[in-house]
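The values are calculated or read from the model by the stated rules, or taken from the named source; none is laboratory data. Values in this document were obtained by computation on a predicted structure and should not be read as measured data. For neighbour counting, all protein chains shown are included, and Cβ atoms are generated from backbone atoms with ideal geometry for every residue, glycine included.
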Amino acid sequence: MEKRIWFTNLLKEGAKNLVEKIVTDKSGRRSFTDKEIDLIKKGIEKKIIVVEGNKFILSHNPERLYDAFTLNREYFTQFAAFIELVEQYSYKIEECKFEYHMMDICVFKNATPYIYIETKISDSEAQKLITEIKEKYSKNLQAFKNLPDRGNDSLRKSKYIFFDKPKFLKIITPNNYFAYSIEYTKQGFNLSTIDDIPKA
């Protein structure tokens, strides 16, 4: 029994070292911001993220495994954003759902979507998404309701925003964020720039 505990502790330490290497590697496409590194470390310390070998598990969704070596860069921004909602915005982990209706994160209030969070790998990708939602689709979604949206990220997200009617939208990149309040019309919705989404 004592040997088994020793081995388990060794595995845990090895996993922590592995994550440390992954999130602090500054070379190539796996580079991370200091904020993301700090948030991911805090998430591991608070057991919001559980590490098993090279796998990440979100503690409230243990059946879903994320492989640290095969995840694209955007996922780490997504993990950091999720942890930030819990640790810095004081939302309960049970109120935050990872990957909901084609959005990266949804915060629920009274069991209905309240905040939609989308992460992008760069500011330019975020601006492209925002521009297309605002200029192409949001004002008159009824005209596009029967248009296939597969492969059209901005149209698909616009449809889900209109269908679920969250109050806020936040697009997060490694170095920036863009926050909006949402007002709905019969035909679509309008995005208004705000300083940030509300805390719990």
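Within the range 106-146, take every residue that is among the hydrophobic types (A, V, I, L, M, F, W, C) and in contact with a helix residue (DSSP H, G or I) (Cβ under 7 Å, 6 or more places away or on another chain) and give me the one that is farthest from residue 95 (Cα to Cα). Full working, then the answer.
From the range 106-146, those among the hydrophobic types (A, V, I, L, M, F, W, C) are 106-108, 111, 115, 117, 121, 126, 129-130, 133, 141, 143-144; that's our starting set.
With the extra rule that they be in contact with a helix residue (DSSP H, G or I) (Cβ under 7 Å, 6 or more places away or on another chain), the set shrinks to 107-108, 117, 121, 129, 133, 141, 144.
Values: 107: 6, 108: 5, 117: 13, 121: 25, 129: 25, 133: 26, 141: 28, 144: 31 Å.
This residue is 144.
To keep it simple, each residue is scored yes or no on (1) exposed (fewer than 13 other Cβ atoms within 10 Å of the Cβ); (2) hydrophobic (A, V, I, L, M, F, W, C); (3) farther than 19 Å from residue 106 by Cα.
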| site | (1), (2), (3) |
| --- | --- |
| 126 | no, yes, no |
| 131 | yes, no, yes |
| 137 | no, no, yes |
| 149 | no, no, yes |
| 152 | no, no, yes |
| 155 | no, yes, no |
| 161 | no, yes, no |
| 177 | no, no, no |
| 197 | no, yes, no |
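Pairs, please: C-beta under 7 Å, at least 6 apart or cross-chain, first residue under 17 Å from residue 132 (Cα atoms) and free of Cβ contacts under 8 Å to residues at least 24 places away in the same chain and in the range 172-195, second of a type in the set (Ser, Thr, Tyr) and buried (at least 16 other Cβ atoms within 10 Å of the Cβ)?
So the pair list comes out as 192/180; 193/180.
Tell me which of these residue 88 doesn't satisfy, since it passes every other one: (1) touching an Asp or Glu at 6+ places or on another chain (Cβ under 9 Å); (2) modelled with pLDDT of 95 or more; (3) more than 15 Å from residue 171 (Cα to Cα); (4) not basic (Lys, Arg).
Going through the list (1) touching an Asp or Glu at 6+ places or on another chain (Cβ under 9 Å); (2) modelled with pLDDT of 95 or more; (3) more than 15 Å from residue 171 (Cα to Cα); (4) not basic (Lys, Arg), residue 88 breaks only (1).
Could you pull out the residue among 22, 49 that is farther than 22 Å from residue 178 by Cβ, out of contact with any Cys (no Cβ under 6 Å at 6 or more places or on another chain) and modelled with pLDDT of 75 or more?
Step by step, each of 22, 49 is checked, and only 49 is farther than 22 Å from residue 178 by Cβ, out of contact with any Cys (no Cβ under 6 Å at 6 or more places or on another chain) and modelled with pLDDT of 75 or more.
Among the residues of the range 163-175, which ones are surrounded by 14 or more Cβ atoms within 10 Å (Cβ to Cβ), over 15 Å from residue 84 (Cβ atoms) and out of contact with any Pro (no Cβ under 8 Å at 6 or more places or on another chain)?
167, 169
Please enumerate the residues belonging to the range 136-150 that are charged (D, E, K, R) and in a helix (DSSP H, G or I).
Those that are charged (D, E, K, R) and in a helix (DSSP H, G or I): 136, 139.
Examine the range 67-83 for a residue that is at pLDDT 90 or above, farther than 27 Å from residue 129 by Cα and within 14 Å of the chain's Cα centre (by Cα), and state whether such a residue exists.
No, the conditions are met nowhere in the range 67-83.
Can you find a residue in the range 162-173 that is assigned to a loop (DSSP other than H, G, I, E, B) and either among the basic types (Lys, Arg) or farther than 27 Å from residue 60 by Cα (or both)?
yes
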